[in-house]
Structure formats: structure tokens, C-alpha cells
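To start, the structure under review is shown below, and the notes come after it.
The values are calculated or read from the model by the stated rules, or taken from the named source; none is laboratory data. Remember, predicted model here, so these are calculated numbers, not experimental data. Here Cβ is always computed from backbone atoms with ideal geometry, including for glycine, and neighbour counts include all displayed protein chains.
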Amino acid sequence: EEVSTQSTGTKETSIMDIKQLHIKQKSYLYPTRMMYKLSLKDKALSEDAKIGDFETFCDGSVLYFKDLGPQIGWSTVFFAEYIGPIFTYLIFYLARGPIYGAKGATTDVQNVACAMYVGHYVKRVLETMFIHRFSKATMPIGNLFKNCTYYWGFSAFISYFVNHPLYTPPACNLCLYIGLGTYLFGELGNFSCHLAFMKMRPPGTRTRVIPMPNSNPFTLLFHLVSCPNYTYEAISWLGFSIFTSVFYAALFTVVGGGQMLQWALGKHKNYKKEFEKYPKGRKAMIPFIL
Amino acid sequence: MLSKIYLLLYNCCLACGWNIVLYQAVEELCNSRNPTYVYEKCKVALKISQTLALLEIVHAAVGLVRSSPVTTFIQVQSRLVVLWLVLDPVSEAQGNSNVPMMIIAWCVAEIVRYWYYALSLVDKVPYVLTWCRYTFFTFLYPIGVSGELLTIYSVLPVVTATGMFSLELPNKWNVSFHYPIFLMLYMAGYVPYLPKLYMHMIKQRGKMLGKAAADGEKKSN
């Protein structure tokens, strides 16, 4: 972490002003990739904060600076991450002749699977456009390549096997209905939670509240876990895996579920740290367990 | 205290195990002057010694030693893949000349490493051993990696022809696995790793040899 000393500036000088001064010296920088802290252990200072806000700060005090690297906007990332898989999946669904040398049409199961998969990502794109409120504006650009590889890669693998001419649907018809039902349950639940989160945070603010259920019965899961959106998402993919009986779909469910569990554990810890009265029985993502 | 005794025992046992492998491999080479039966002669000791290294992942995971369990896992699994999934199943490849080269490189590296760990536990590492541990890798890594890559490459024809470890469609889980392609990707995976590992060891060498020389002077003063 680079250290920069501020020896100029009045009480009214804000972190944004300091950033602009810094940019004059190093023109490759821009505000979203610049982070200032009062000490190595503190959180990043917000751009609106002023020098006068910090009692211990005076002429010659040390500010810690870190270059977060090239940044990219969250919405850009989400679109790339979510629209990519739609195309990657559709390639194998639509171009079966050239890819597999397949002669016949797709089966009902393959058609419904396609609708489920593409529908999931269409929902995500729409949510990104209309529902999500992000607490940070950008993320490091390295994340874009990593995330896209993950999403597009799995999408291709899953689609290749679902749309293969030698695809074998699950043995029992009941599995198809169970799979589809589970998927729909997960999708509706996940959407309900996203809507609930949106309502908990008024537009333009960075408000943080203890999540609570609203009139939508799907949100009752908030009583049991901090991140029911992740729970429902995992359920949704479980449904898709049962429906298609494709190994890579099951693998995707496990890997995605594991990653979400990690995130949920982090958010759960933050909630507990931030709110003294945080409900005790709640777990992070798996009711009663973790 | 108990953990120290256990680790001491572990490291000494493995050092001896690899010593046996080395002895058997070299003896066979000296007697027959060709690589054909080297693997045959030392494979029992080799399998035992190399597979026991799985314990090191556990040691790292429970905090018995200070290494990262992830790094340890990567190192151990790469040896086990070559040993159990490549060399052992394909008898046609066991007589090639890259096999003793690889085995002997592994032996020397492991013998030095385990004696270094054992003596570190009782704080009695002679400078010579430190020097070996942080110098031998400069040629053992390239030799060992070449051996491993050549071994994997050498089994590709057999693996392709027999379809071993491969899975074809159609099946209940709609999954297919082409072992030859997996092996080729695995080989490609070595490419980013070796430079990173090598440079890390070079950096360690600078640190450790400098420190060891300073320690040696302190002790003699």
C-alpha cells in the first residue's frame, strides 16, 4: 500500500478533491480505482468525506493509498456474465446439425430445459436492469474474465450435453415434474427476495437494515437465513439438475452453491457485527445448519 | 511436543522410504544398464512413499505445519496423478528411459526435503543440507518436470487406443470424459506453473541461504 502525505488542504478538502490532485500527478488514475484509508486496518474512505471530519487528521498526517487496478462498472460485468451464457447455451441448441451432425429435432425435455436455462438468465438480466441496487460502482477488471469464463464455460458444457443427440432424460417422468417444480419454486423465491432487498434500500441511499419478511410468503425464509436469495438460487439449479439429469448441471449446482455459501457466510458475519439485535436463530444460507 | 515427535517420525520414515526407492532404482540401472525394469524394481517403495505424502495435506489443513493446504494439495496430487493414473496403469510405458530419470529426480528432491524438515524440527540443520535444499531444485525441477511430461506423453497412444478411464455417451448422467484430452490439458497446465514455482524457489533461495549463512556465523562467534 502506497503512503502519501497530505501537507496541503483545508478542513473542507474532500477525499474526491485529494483524488483529483493525485490524478494530476498520475494521469492513468481515475476515482473508482483509487482507495484512501486513514490506517491499514480502516475501511476505505468515502469520496464525500472531508479532512475536517477526522479529528486526528492534520497537516503532514499520513493517508494510505491503494491503486485498485483497472475497474469496470458492475452493470457492464453483470450483462457480460449473464448474456454470455444465453448465447453459449443457444449455440448448441440451435446449431445441432453442424455441431453434432444431429438429424432429428430436439425432444420436449430438451426444449423445456432450454426454456428453463435461458429463462433463468433472462430473469437475471431484467433484475440487473430494474431491481438490483449496488453498493459499489465498480469491480476490478480481472474479475470480469474470471467470472465470464466460469459462466460461459459451464453454460457450454451443460448445453453440449443436454442438446446432444445421445442425450438421455431421467428414467422416471416424476423426476421431470419434481425437477421443473423445484426450479420454479427456486426462481420465484429468488425473485421475491431480490424484490424484498430492493424495497429495503430506498433509491440513491446506502441504507442497511436487518432483512425481514414482507407480505410475500417466499420471503418467510428470511426468518431462517440471512441470504435466502442464495438458498432459492441453489434450489433452482437443483431443480434443473434433477430435470435434465446432466452431470455438469449437478456440478454447476455444487460449485455455485459452494461459492454462494462462502458469500453468505461473509454477509451473515457482517450483519451480526453491524446489528446488535440481529436475530439469533438465523443461519447464513442453509436453514438450521450453516 | 507430541506433534513434534510425530512429525519427526513422519519425516524420517519418508526420508528412509525414498532412500530405498533411490537405492533400488540405481541398483537396477547399474546391474542391467537399461531402464526397462527400474519401475518394476522400485514401484512398491515408490508407491508407499509417494502416497503417504497425502498426510502432508492433512498436516497443513489442521495447522500442524505452516504450509498452505492448497499448495500442498497441488504438489502432492500432481505426483499422484503421474504415478497412479499414468505410469502404473500403462505397463507399456514403464520401461522408457524417462521413467528412471523422473524417479531419481523425485528421490533426490524428496530425500533432501524430508531430512531438511526432520532436522529443522530439532534445529540441527547443517548448512550443507540447506544449501542442497535450496540449490538442487534448480536442476531437479526441470529434470523432474521433463520426466513427468514425457511420461504422460508416452501413455497417450495406449490410453487413446484402449479408451481407459474414458466415458462415452449415452449414459444416465449424460457425461463423457476423454482421458487423452484430459491428459493433454493436464500437460498444458504445467506451463504456467513451472515458471511461477521456480521463481518462488529462487526467491526463497536468496532469503534462506542468506539467513543460514548469517546464522552460521552467529553460531561460530
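Number of residues in segment B:77-121 that are among the acidic types (Asp, Glu) and more than 25 Å from B:MET201 (Cα to Cα) equals 2.
Results for (1) within 14 Å of another protein chain (Cβ to nearest Cβ); (2) surrounded by fewer than 15 Cβ atoms within 10 Å (Cβ to Cβ); (3) under 19 Å from the mean Cα position of the chain (by Cα), shown as yes or no for each residue.
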{"position": "A:MET198", "(1), (2), (3)": "no, no, yes"}
{"position": "A:PHE222", "(1), (2), (3)": "no, no, yes"}
{"position": "A:ASN229", "(1), (2), (3)": "no, no, yes"}
{"position": "A:SER236", "(1), (2), (3)": "no, no, yes"}
{"position": "A:SER241", "(1), (2), (3)": "yes, no, no"}
{"position": "A:VAL254", "(1), (2), (3)": "yes, yes, yes"}
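Only one of the listed residues (A:GLY258, A:GLY204, A:GLY181) is more than 13 Å from chain B (Cβ to nearest Cβ) and touching a residue at least 24 places away in the same chain (Cβ under 8 Å). That residue is A:GLY181. Set side by side, the residues A:THR219, A:THR231, A:THR253 differ, and just one is over 21 Å from A:ARG208 (Cα atoms) and polar (S, T, N, Q), which is A:THR253. Candidates A:LEU174, A:LEU166: the one that is in a loop (DSSP other than H, G, I, E, B) and either farther than 30 Å from B:TRP173 by Cβ or without any contact (Cβ under 8 Å) to a residue 12 or more places away in the chain (or both) is A:LEU166.
On the stretch given as segment B:166-199, residues that are assigned to a loop (DSSP other than H, G, I, E, B) and touching a residue at least 40 places away in the same chain (Cβ under 8 Å) total 0. The residues on offer are A:GLY142, A:GLY104, and the sole one that is assigned to a helix (DSSP H, G or I) and away from chain B (no Cβ under 14 Å) is A:GLY142. The set of residues in segment A:97-150 being within 21 Å of A:ILE242 (Cβ to Cβ) and touching a residue at least 60 places away in the same chain (Cβ under 8 Å) consists of A:THR107, A:VAL109, A:VAL112, A:ALA113, A:MET116, A:TYR117, A:GLY119, A:HIS120, A:LYS123. Scanning for something small (Gly, Ala, Ser) and within 14 Å of another protein chain (Cβ to nearest Cβ), does segment B:170-186 turn up at least one residue? Yes, there is a match, as at least one residue in segment B:170-186 is small (Gly, Ala, Ser) and within 14 Å of another protein chain (Cβ to nearest Cβ).
Residue-level check: of (1) modelled with pLDDT under 95; (2) not in a helix (DSSP H, G or I), A:ASN270 misses just (2).
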